[in-house]
1. Return the Rg/Rh ratio of the chain with Cα-based radii and a Kirkwood Rh.
2. Enumerate cysteines in the chain without a disulfide-compatible partner, where compatibility requires another Cys Cβ under 4.7 angstrom.
3. Please list 3J(HN,Hα) in residue order for region 29-45, calculated via the Karplus relation 6.51 cos²θ - 1.76 cosθ + 1.60 where θ = phi - 60°; whole Hz, with x for glycine and proline.
4. Could you put 16, 29 in order, starting from the residue whose Cβ has the fewest other Cβ atoms within 10 Å?
5. List the residues, sorted by chain then number, that are 5 or more residues from residue 9 or on another chain and whose placed amide H is less than 5 Å from its amide H.
6. What number, rounded to the nearest 500 deg cm²/dmol, is the helix-based mean residue ellipticity at 222 nm of the chain, given -39500 (n - 2.57) per DSSP H run of at least four residues and division by all its residues?
Amino acid sequence: MNQIEKQRTRSIKCPICGKGKLMDASKTINPKMIRLFKPEESNKAECFVKCPKCGSQVGFAVEK
Ligand SMILES: [Zn+2]
């Protein structure tokens, strides 16, 4: 990853283990707009990603 890519994106970490990187989000987005949901709250989520570290199914939704 080069310097420009580092500046453009921020890593969204797994809320369960805090280690796995779920995705890269653009820095133009306010991180408060990205809501992460644990499996027990998955009914509130719009999309799902699987944590590469702990294997949890983490839901997320982007507020506008
Ligand atoms: Zn995890």
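Derivation of every value follows stated rules applied to the coordinates shown; laboratory data play no part. Bear in mind the structure is a predicted one, so any value in this text is a computation, not a measurement. Every residue, glycine among them, receives a Cβ derived from its backbone with ideal geometry; neighbour counts consider all protein chains shown.
1. Details: Rg = 12.1 Å, Rh = 12.2 Å.
Expressed as Rg/Rh, it is 0.99.
2. Lone cysteines by the Cβ rule: 47.
3. 8, 6, x, 5, 7, 8, 9, 9, 10, 6, x, 6, 10, 4, 5, 8, 7
4. Starting with the residue having the fewest Cβ neighbours, the order is 29, 16.
5. 27
6. -2000 deg cm²/dmol
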